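Just below is one structure, and these are the notes that go with it.
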Amino acid sequence: MYQVSDICKVLNIKDIKTTNFNQLMVKDILIDSRKLLNPVDTMFVALTSERNDGHDFISELYFKKVRIFLVDECFVECNDMTDAVFLKVKNTLDAFQRLVSWHRSKFNIPVIGITGSNGKTIVKEWIYQLLSPNYKTVRSPKSYNSQIGVPLSVWQMSSENEMAIFEAGISQSGEMDKLQKIIKPTIGIFTNIGTAHDENFLSLEQKVGEKLNLFTSVDTLIYCSDYHLITERIFKSGINQKVKLFTWGKQNKPDLEILKVELLPKGSRISAIFQNTNLSIQIPFNDSASIENAIHCWALMLVLKLPMLEIESKIINLSRVAMRLELKAGITQCSIVDDSYNSDINSLRIALDFMSHQKNHDKNTVILSDMLQTGRNDEDLYREIGDMLKSKKIQLFIGIGKALSRHDFCFPMKSIFFNTTQDFLNNFDFSIFQKELILIKGARAFQFEKISRILQQKSHQTLMEINLDAVIHNYNFYRKQILPTTKIMAMVKAFSYGSGSSEIANVLQFHHADYLGVAYVDEGIDLRKSGITLPIMVMHPEPESFDNIIKYDLEPEISNFKMFDMLEEAIHTFDIPRNVKIHIKIDTGMHRLGFCEQDLNKLMERLSSLQGHIEVKSIFSHLAVSDVPSEDDFSHLQIARLQSISKQLINHLNYPIMIHILNSSGIVRFKEAQFDMVRLGIGLYGIPTTLIEKNELQNVCTLKTTISQIKNLAKGETVGYGRKWLATTESKIAVLPIGYADGLLRRYGFGVGKVFLNNGFAPIIGAICMDMCMIDVSGMNCEEGDEVIIFGDKISVSEVAEAMKTIPYEVLTSISQRVKRVYVKEE
């Protein structure tokens, strides 16, 4: 914690007007106004970006009792903020980084800095698992490795820490120099080099050189000497003259020479030579990435001179890193935020922020275990957690563990405590959970997965996994294609293309989407009941729905004169005090819905007759062939027609009205026609229709199931209804609990479709049944219970659609509501 006067000296700030300047202290840094936990001793850093300006949220934070602000020197404070401190600098991000660099200089402890193209977060988390019993360790929260994430991580360093572990990632030249000054690592780990973010570097060689800048002042640098490009750049740069190198690999005479990797049924045994001694470790993983990550950790432990017996005993117990939160349907209409393998205060902050995005429930509950090996005083730790829970309006807290039970006085909300997870399972009445959002967050030793299984809504083994980070990535990709002033309407119709309406809508609302679009009024009502306050356009209002449109403040599309009649009747019936917002649909050539050019005079008359009762929010149309370059002349004709008709209507009504016509593919292909708003649909869910989108979008939806049963068949036996598949040799088949009632359409059977299983593909054989299908797994290593991917990263929705001779829209929207949706977000 620092006095504001200390910060002023570091940042060379001299002109402070506030009278209570010397009384204020800074403990916490806030960069996102939505994530405020405790205003006391918090400094808000007003960062600016292409889309957002932190200065816009200062008034809101002042109202919430934040009093210290790091702002741009041009910022003009309000006259009524006389008790606030405004620290004015030329560049708030640069000042923030310089402040944290100064904070880092206060500590003389081992600091491990990790960079590379892949594996940074896993290596960091595994090092923490391995070393935290020996050292009081601070580390980056999950993947906080950016220009903002790194200083937020390093700011956590305190006098209690004996070791720190930070990861650093870059996407362009010059960034690592800044991160090096903040982290100042004493030990470096360069995990590997790959092609991520290649577009911002002249060559792979340049990218390696940029990443190496993190290690210019370390005592020891650990890397795999089999990556020849890394070795070449180290010696060309001269880093080897200043830094001790610790290498591992199979080539180039490394310090830790890997002799053999033996794959075991439940892991791997790695044999090596170190200092002329034969050594070996066993790890509980057998994929190549985990083996590489584990050897980096082994190398570090050798550098730290830990006894080999201790290394062996610890590394065999490495556990998978829980990289994400999962939002699942729960019992008694609850929703479960499952983080049952991870418990530390930073990830708790992230999980509580994630809970605050979800507006589906009025009541929030947290089930938390003791936090192990934090190195902090227990009372200070649990008081801070109690304050966090209170600030996030947690109504019920359930603490599991002896330390939490001893510190029950730290939790001011309604609280219940149990010494062990089994005590909780044996004695808690689960029926008290009703229609609430429940966070399950526990250290691995507490086995909170048992709690998760009880609280989850029971369903069969097939589920659709929706990656909320990918939704955000795709949303931001389209954001970058348009002007800052152009609004985005995100389409969440048809259950968000099968992805789940309220869950997706909550994420979009949190990330400042401007509008939502639904097909029917019922969809809009559900969103309103789930806490969505964004404007919602209803594209197909039904005759009997206009009363609910008015009641729930929805905005109907009006595409014919009969709709005007129904709207007018509803307005007079309810005698509402406000204007009803509407959107006028123009048919510019698709010939589906909308007013035609010959309707224009009558349309203007009708709009005039309803003046004082309605407000036209937008005039829009729909491109028919936006993804077909050979039809661009027709698309330009549609755009021109909309411009002409809109101009006449806006002149007639004489007030500002938005215009929009672009869909997902139109956003990237017709940027000149973005007008006031664009409508983002299938692209949001990771389905590309252009090459640009294909290279940039991330997969959102993964449909997965498990093997129910495996059967061995003799030559000549058949499979399924109609005996459509014949075993031409001795064969092995697997039965999957997914069929056409789940949305796996019958035409994907008979050898047309395939699934991904244990690093290989297996064809779907015979006829797809209502609830099951069969796959040929002859020659594959698989067991009952193994996971099977129907579509996802390995088999895209577009590939499935092409095999079915349909479009991705049909594939996604066909997935039945009985298929459980699980929403995942990286912490």
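The values are calculated or read from the model by the stated rules, or taken from the named source; none is laboratory data. Just so we're clear, the structure is a prediction, and the values are computed from it rather than from any experiment. Virtual Cβ from ideal backbone geometry, glycine too; neighbours counted across all protein chains shown. Quick note on the areas: whole protein, heavy atoms, side chains included, nothing else; ligands and nucleic acids left out. Shrake-Rupley method; radii C 1.70, N 1.55, O 1.52, S 1.80 Å.
For the chain, list the DSSP H helices whose alpha carbon atoms reach 15 Å or more along the long axis and whose average Kyte-Doolittle value is 0.0 or above?
Working: long enough: 92-104 (18 Å, -0.40); 120-131 (16 Å, 0.26); 288-303 (23 Å, 1.12); 345-357 (19 Å, 0.52); 378-391 (20 Å, -1.03); 468-481 (20 Å, -0.79); 561-574 (20 Å, 0.29); 632-653 (31 Å, -0.22).
Both cut-offs are met by 120-131, 288-303, 345-357, 561-574.
Where the accessible area of the stretch 373-438 is counted over protein heavy atoms with a 1.4 Å probe, how much of it, in %, is carbon and sulfur?
Carbon and sulfur atoms account for 45 percent of the accessible area of the stretch 373-438.
In µm²/s, what is D for the stretch 134-274 at 25 °C and 0.890 mPa s, where D = kT/(6 pi eta Rh) by Stokes-Einstein and Rh is the Kirkwood radius from Cα pairs?
My calculation gives 148 µm²/s for D.
At 0.36 nm per residue, minus the direct Cα-Cα distance, what do Glu631 and Gln23 gain on full extension? Give it in nm, one decimal, please.
Computed gain between Glu631 and Gln23 is 212.1 nm.
Based on the Cβ-Cβ distance of Glu810 and Cys74, what FRET efficiency does E = 1/(1 + (r/R0)^6) give at R0 = 41 Å, to the nearest 0.05?
0.20
Ratio of the stretch 407-471's C-alpha Rg to 2.2 N^0.38 Å, to two decimals? List each step's numbers first, then the result.
Details: Rg = 14.9 Å, N = 65, 2.2 N^0.38 = 10.7 Å.
Relative to the 2.2 N^0.38 Å estimate, the stretch 407-471 comes out at 1.39.
Taking the Cα atoms of the stretch 780-825, report the difference between the largest and smallest coordinate on each principal axis, in whole Å and largest first.
Principal-axis extents of the Cα atoms in the stretch 780-825, largest first: 33, 26, 22 Å.
Which net charge results when you count Lys and Arg as +1 and Asp and Glu as -1 among the other residues whose beta-carbon is under 15 Å from that of Met489?
+2
Could you work out [θ]222 nm for the chain from helices alone, using -39500 (n - 2.57) per DSSP H run of at least four and dividing by all its residues? Round to the nearest 500 deg cm²/dmol.
-9000 deg cm²/dmol
At each listed q (0.17 Å⁻¹), what is the log10 of I(q)/I(0) that the Debye formula gives for the stretch 507-602 modelled as equal alpha-carbon point scatterers?
Log-scaled intensity ratios, in q order: -0.78.
Semi-axes of the stretch 121-160's equivalent ellipsoid from the Cα gyration tensor, sqrt of 5 times each eigenvalue, largest first, rounded to whole Å?
They are 18, 14, 4 Å, listed largest first.
Please sort 781-788, 42-49, 109-116 by packing, taking for each peptide the average over its residues of neighbouring beta carbons within 10 angstrom, highest first.
Descending packing order for the listed peptides: 109-116, 42-49, 781-788.
How big is the stretch 273-396 by Rg and Dmax over its Cα atoms, in Å?
Final numbers for Rg and Dmax: 19.8, 64 Å.
Please compute the Cα-Cα pair-distance distribution of the stretch 88-205 with 5 Å bins starting at 0, giving whole percents from short to long.
Bins of 5 Å from zero give 2, 12, 22, 24, 18, 12, 7, 3, 0 percent of pairs.
Enter the accessible area of Glu310 (Å², nearest 10), with the probe set to 1.4 Å and all protein chains included.
The accessible area comes out at roughly 50 Å².
As a test of understanding, state the convex hull volume per residue of the stretch 740-827 from its alpha carbons, in Å³.
Once divided by residue count, the hull of the stretch 740-827 is 120 Å³.
Mind giving me the nanometre distance, one decimal, between the label points for Met770 and Arg376, set 7 Å out from Cα along Cα→Cβ?
Going by the 7 Å Cα→Cβ label model, 5.5 nm.
Mind grabbing the base-10 log of I(q)/I(0) for the stretch 204-350 at q = 0.09, 0.15, 0.17 Å⁻¹? Debye formula, identical points on the C-alpha positions, no solvent, two decimal places.
With no solvent term, the Cα-only Debye profile gives -0.40, -0.91, -1.05.
What would the Debye equation give as log₁₀ I(q)/I(0) for the stretch 1-79 at q = 0.13, 0.23, 0.25 Å⁻¹, counting only Cα atoms as equal point scatterers?
Log-scaled intensity ratios, in q order: -0.38, -1.25, -1.44.
Let me know the volume per residue of the alpha-carbon convex hull for the stretch 442-573, in Å³.
For the stretch 442-573, the hull spanned by Cα atoms encloses 167 Å³ per residue.
Protein chains only, probe 1.4 Å: how do Ser313, Ser545 rank by accessible area, largest first?
Per-residue accessible area, sorted high to low, gives Ser313, Ser545.
Counting only Cα atoms, I'd like the Rg/Rh figure for the stretch 139-216, Kirkwood definition for Rh.
Radius of gyration relative to Kirkwood radius: 0.98.
Roll a 1.4 Å probe over the protein chains and send me the accessible area per residue for the chain in Å².
43 Å²
Using alpha carbon centroids, what distance separates the stretch 792-827 and the stretch 162-185, in Å?
Cα centres, the stretch 792-827 to the stretch 162-185: 38 Å.
Kirkwood hydrodynamic radius (Cα pairs, Å) of the stretch 255-335?
Values: mean 1/r = 0.0696 Å⁻¹.
Here the Kirkwood hydrodynamic radius works out to 14.4 Å.
What Kirkwood hydrodynamic radius, in Å, does the chain give when the mean of 1/r is taken over all pairs of distinct Cα atoms and then inverted?
Kirkwood hydrodynamic radius for the chain: 30.0 Å.
Given the convex hull of the Cα atoms of the stretch 252-299, what is a quarter of its surface area in nm²?
Over all viewing directions, the stretch 252-299 projects a mean Cα-hull area of 3.2 nm².
How big is the stretch 577-646 along each principal axis, measuring the range of its Cα positions in Å and listing the largest first?
Principal extents (Cα only, largest first): 49, 22, 19 Å.
Quantify how much of the Cα-Cα distance distribution of the stretch 219-266 extends past 18 Å, in percent.
34 percent
Take the solvent-accessible surface of the protein heavy atoms, probe 1.4 Å, and return the percent of it on the stretch 662-705 that carbon and sulfur atoms account for.
46 percent
For the stretch 587-719, state the average projected area of the convex hull of the C-alpha atoms over all orientations, rounded to one decimal in nm².
That works out to 14.6 nm², a quarter of the Cα hull's surface.
Given the convex hull of the Cα atoms of the stretch 63-103, what is a quarter of its surface area in nm²?
The Cα convex hull of the stretch 63-103, projected and averaged over all directions, gives 3.4 nm².
From largest accessible area down, sort Met780, Met537; use a 1.4 Å probe on the protein chains.
Met780, Met537
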